[in-house]
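Quick note: the coordinates plus some simple rules give every number you see, no bench work behind them. Since this is a predicted model, take the numbers as computed values, not measurements. All Cβ positions, even for glycine, are placed from backbone atoms using ideal geometry, and neighbour counts span all protein chains on display.
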Amino acid sequence: MKKSFEITASDSHSAARTGIIHTAHGPIHTPAFAPVASQGAVKALPHSMVKNLGAQLILVNSYHLYLRPGIKIIKKFGGIHSFISWPSPILSDSGGFQIYSLTPLARIKNDGVEFSSHLDGNKIFFSPENIIQIQQDLGTDIMMLLDYLLPYPSSKKDIQEAVRVTTQWAKRSRIFLQKNPTSQLVWGICQGGIHWDLRRQSMDELMDIGFDGYALGGLGIGEPKTQFMEMVERSGSHLPKHQPRYLMGIGYIKDILRAVECGVDLFDCVLPTRNARNGTLFTSTGKIVIKNKKYEKDRRPIDKGCSCYTCKNFSRAYLRHLYERQEIGSAILNTIHNLHFYLDIFQKIRQSIQSNSLGQLKCSIINEKVEEE
Ligand SMILES: [Zn+2]
């Protein structure tokens, strides 16, 4: 394991911390938010805009890139950074979530998972080893292990089996990495559903093998919020303090703030970008559904307190018109705003931890009702 993470400040009222994840393509200041670029692009935005909005890293998906354009092509271009022309850090997800959510007939074996492509039905076999090989060929900065994730609800017995398989695959991944060393960071994914004994077992087993960081997987998939939060809180106390923690796929600001207080360092979610394309915009006083008729003549920006390009230049009426006419510009301008909204909150989170005022920030954001779920 490499020393890839340093803590730069700690909140005195919670387990929140700021830190730096050092990668081959530069530092990531945490807590950080990774915009989702499954196919190698944040939908609707060129990379320069994503970068200017304050994104420090993006997330690509091994499964999607394996299917299209194929790893061979990306390798020919010298890896994912040069293929997509994004010189900053990239995290690659292993694709586990996509395999189980897009291909319901996936068959789990001790040496990997067999499933049918969601595109053409072709049989594919992914092993823990070839998932690492794919990510080594992509050349991403942080790669995730193949894990076995079950939907909610699943029986405790099945989740126990998922934990066993996830650990088994993690061991195989470690052996493969010993034979094929890499400077890329390798993070494990803990499973266990909402059963603390299983989740703790999953973390302990992965920590015994030893990885550069640990992700909490299999959460935010429909389980009750109290149980979700209990898992995040207890995991935050259990995971090694001096390694980064990643809560996968969680995007509600309230959940993010609470998870930051539990010591989570990294987040990703499609929420800001997908909602933007659907015309749902986040503001400091609640969500706006831009297609609503009440915005037809509204001269105001989406959020009068927002400093993004969209808010500085365009009215709600114009954005509604673009959305109604299905103009590409609608997705672009809405995504600029929503991504700015998220990345700005993360900047405020980092600043508030450093000035020991995360509690005040949390109160002010939650009182403003930024979202209703
Ligand atoms: Zn804005």
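Apply the a/c threshold of 1.5 to the C-alpha gyration tensor of the stretch 136-177 and tell me whether it is rounded, prolate or oblate.
oblate
Cross-link candidates for Lys291: which aspartates and glutamates have Cα within less than 12 Å, leaving aside residues fewer than 8 places away along the same chain?
Cα-Cα hits under 12 Å: Glu324.
State whether the stretch 100-243 is rounded, prolate or oblate according to the following rule on the C-alpha gyration tensor (a ≥ b ≥ c being the square roots of its eigenvalues): a/c under 1.5 gives rounded; otherwise a/b larger than b/c gives prolate, and the remaining case gives oblate.
On the way: a/c = 1.83, a/b = 1.13, b/c = 1.62.
It comes out oblate by the Cα gyration axes.
Report the calculated FRET efficiency for His321 and Lys171 (r = Cβ-Cβ distance, R0 = 45 Å), to the nearest 0.05. Working shown, then result.
Values: r = 56 Å, r/R0 = 1.25.
The pair His321/Lys171 has a calculated efficiency of 0.20.
Over the chain, calculate the relative contact order: mean separation of alpha carbon pairs under 8 Å at least 6 apart, over the residue count, as a percent.
For the chain, the relative contact order is 18 percent.
222 nm [θ] for the chain, helices only, -39500 (n - 2.57) per DSSP H run of 4+, per residue, to 500? Write down the numbers at each step before the final one.
On the way: 15 runs with 160 residues, N = 373.
About -13000 deg cm²/dmol.
With a ≥ b ≥ c taken as the square roots of the eigenvalues of the C-alpha gyration tensor of the stretch 95-174, please select rounded if a/c is under 1.5 and otherwise prolate if a/b is larger than b/c or oblate if it is not? It would help to have the intermediate numbers written out before the result.
Numbers: a/c = 1.82, a/b = 1.18, b/c = 1.55.
Note, shape of the stretch 95-174 comes out oblate.
Can you pull out the chymotrypsin sites (Phe, Trp or Tyr not before Pro) in the stretch 224-257 that DSSP calls coil and that have at most 10 other Cβ atoms within 10 Å? Spell out each step's value before the answer.
On the way: sites: Phe228, Tyr246, Tyr252; in loops: Tyr252.
Nothing satisfies the criteria.
For the stretch 286-373, run through the chymotrypsin sites (Phe, Trp or Tyr not before Pro) and keep only the ones in DSSP coil with at most 14 other Cβ atoms within 10 Å of their Cβ. Spell out each step's value before the answer.
Values: sites: Tyr295, Tyr309, Phe314, Tyr318, Tyr323, Phe341, Tyr342, Phe346; in loops: Phe314.
Taking the stretch 286-373 and a limit of 14 other Cβ atoms within 10 Å, no loop chymotrypsin sites (Phe, Trp or Tyr not before Pro) are found.
If you place +1 on the Cβ of every Lys and Arg and -1 on the Cβ of every Asp and Glu, how big does the dipole about the Cα centre of the chain come out, in debye to the nearest 20? Present the calculation step by step, with values, prior to reporting the outcome.
Details: 45 positive and 34 negative charges, 184 e Å.
In total the dipole reaches around 880 debye.
Out of every Cα-Cα pair in the chain, what percent are more than 35 Å apart? List each step's numbers first, then the result.
Working: 16371 of 69378 pairs.
Looking at the chain, the distances longer than 35 Å represent 24 percent of pairs.
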